[in-house]
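Below is one structure, written out as structure tokens; the observations come after it.
The values are calculated or read from the model by the stated rules, or taken from the named source; none is laboratory data. All of these numbers come straight from a predicted model, not from anything done at the bench. For neighbour counting, all protein chains shown are included, and Cβ atoms are generated from backbone atoms with ideal geometry for every residue, glycine included.
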Amino acid sequence: MPQEDAGAGPGFLAPAGVAAPGYFRLDPAWQAVDLLSDVHLNPGQPRTFAAWSRQMLGTPADAVLILGDLFEVWVGDDARSAGFEAECVKVLRAAAQRRFLAFMPGNRDFLVGDALLAEVGVQRLSDPTVLDAWGQPLLLSHGDALCLADLDYQRFRAQVRSLAWQHRFLALPLAERQRQARSMRDASAAHQLQAQARALPLGEVDDAAAADWLRQVGATTLVHGHTHRPGRHALPGGGQRLVLGDWEFDSSAAPRAQALRLSRAGLTPLDLAA
């Protein structure tokens, strides 16, 4: 059975609000594991939800590891009792009965709680996590903590990841949390547009920091999402980072859903929109 230890790197040096890396060892009997992120499930995109549901229930992989931003927004586990959120939870529960599932929080869904994950049979992964894949280490992260050029976002991230902020936010009525979440999404979109207009690399991972993370944990490959720019990037020191893509089937003429499949032979890109 897979093993997870949430405190496997006490000397790990990272930005404020980033924990020491966890450790997760794959079950040696597994043949394949799917890695995906940035599905951004929301009720306004039913085709994306349907594609994700098909993949979760039908993949031949022994396990699926979700590296953050599964949901466009998650304002607390009490939102799961009805509507679209309840449908998402239903799929997770059904998928977890067929294969192993794990979830790493992203910048959109860091409020997914342990009680909900336990209820549906999904294991939480720390961000970052060292993945022991049949004796070979990989480092997994959502990726937003490595976007160091965006100082405003990093300050915001540190604030909302604090227990004090989360306790205050979750104490608000559900409708107020949903209102504030919409406001934060609008502010984030405006921030990104402003950065694009000024040609600022705010949404990109810092390669030197990524290389340093790899050095500290003794790995040569980082897999992350968040940037929505899938690809392979060489890092200083000889390592590499592989970027997962986002999912979009509703508002784009060219649907996209890219993931990675991990086997003993290595990592293989999956085009799930083909």
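Just one residue in the set D38, D27, D69, D34 is part of a loop (DSSP other than H, G, I, E, B), more than 30 Å from A175 (Cα to Cα), modelled with pLDDT of 95 or more and charged (D, E, K, R); that residue is D27. Residues in region 81-109 that are without any contact (Cβ under 8 Å) to a residue 12 or more places away in the chain and not charged (D, E, K, R): 3 in all. Any residue at all in region 57-66 that's without any contact (Cβ under 8 Å) to a residue 12 or more places away in the chain and either assigned to a helix (DSSP H, G or I) or more than 23 Å from R177 (Cα to Cα) (or both)? Within region 57-66 (the criterion being without any contact (Cβ under 8 Å) to a residue 12 or more places away in the chain and either assigned to a helix (DSSP H, G or I) or more than 23 Å from R177 (Cα to Cα) (or both)), the answer is yes, since at least one residue qualifies.
Rundown of residues vs (1) at pLDDT 95 or above; (2) more than 19 Å from the chain's Cα centre (by Cα); (3) among the small types (G, A, S); (4) not in a helix (DSSP H, G or I), yes/no style:
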| site | (1), (2), (3), (4) |
| --- | --- |
| F169 | yes, yes, no, no |
| R179 | no, yes, no, no |
| Q196 | no, yes, no, no |
| G203 | no, no, yes, yes |
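Residues that are aliphatic (A, V, I, L, M), surrounded by fewer than 18 Cβ atoms within 10 Å (Cβ to Cβ) and out of contact with any strand residue (DSSP E or B) (no Cβ under 6 Å at 6 or more places or on another chain) are absent from region 211-232.
Yes/no per residue for (1) among the acidic types (D, E); (2) crowded, with 18+ Cβ neighbours inside 10 Å; (3) touching a helix residue (DSSP H, G or I) at 6+ places or on another chain (Cβ under 8 Å):
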{"site": "V75", "(1), (2), (3)": "no, yes, yes"}
{"site": "K90", "(1), (2), (3)": "no, no, no"}
{"site": "R93", "(1), (2), (3)": "no, no, yes"}
{"site": "G106", "(1), (2), (3)": "no, yes, yes"}
{"site": "L111", "(1), (2), (3)": "no, yes, yes"}
{"site": "L139", "(1), (2), (3)": "no, yes, yes"}
{"site": "G143", "(1), (2), (3)": "no, yes, no"}
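Considering region 113-137, the residues that are assigned to a loop (DSSP other than H, G, I, E, B) and touching a residue at least 24 places away in the same chain (Cβ under 8 Å) include one that is surrounded by the most Cβ atoms within 10 Å (Cβ to Cβ), namely P128.
L242: assigned to a strand (DSSP E or B), of a type outside the set (K, R) and free of Cβ contacts under 8 Å to residues at least 40 places away in the same chain, yes or no?
yes
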